[in-house]
Amino acid sequence: MILQNIKERLNETRGWYIVLTAPHKEGKTKETLENKGIITYLPTLLVRRCWREKVREIQIPVINRCIFIYATDTEVEAMKETYPILPIETAETGD
């Protein structure tokens, strides 16, 4: 999702949620959600791996099977039919 589209959609009340994915499907799930217009975040780490005496750098998810989404309640309710979704609990400070 491009930055302009994100700015336009931030006027709605949204919250952070965690979408649980199938093993090793974080990237595909992220792409699918972005195509549906959901704001997503998938933290990745660049690591080096060896295959057949070749060293390659690949991006792997920092947290396996999890994608963070910033969505409205209606978007979350619609996605619950397809994906398990967990809310992110935030602690309120008394300041």
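Thr93 meets the conditions (1) modelled with pLDDT under 90; (2) surrounded by 11 or more Cβ atoms within 10 Å (Cβ to Cβ); (3) not in a helix (DSSP H, G or I) in every case but one. The failed one is (2). Within the range 20-39, residues that are over 15 Å from Lys80 (Cα atoms) reach partners that are assigned to a helix (DSSP H, G or I) with beta carbons closer than 9 Å, at six or more positions or on different chains, in the pairs Gly37/Asn5; Gly37/Arg9; Gly37/Glu75; Ile39/Asn5; Ile39/Ile6; Ile39/Arg9; Ile39/Leu33. Taken together, the residues in the range 40-94 that are within 12 Å of the chain's Cα centre (by Cα) and over 12 Å from Val19 (Cα atoms) amount to 4.
The values are calculated or read from the model by the stated rules, or taken from the named source; none is laboratory data. Bear in mind the structure is a predicted one, so any value in this text is a computation, not a measurement. Using ideal geometry, Cβ is built from the backbone for each residue, glycine included, and neighbour counts are taken over all protein chains shown.
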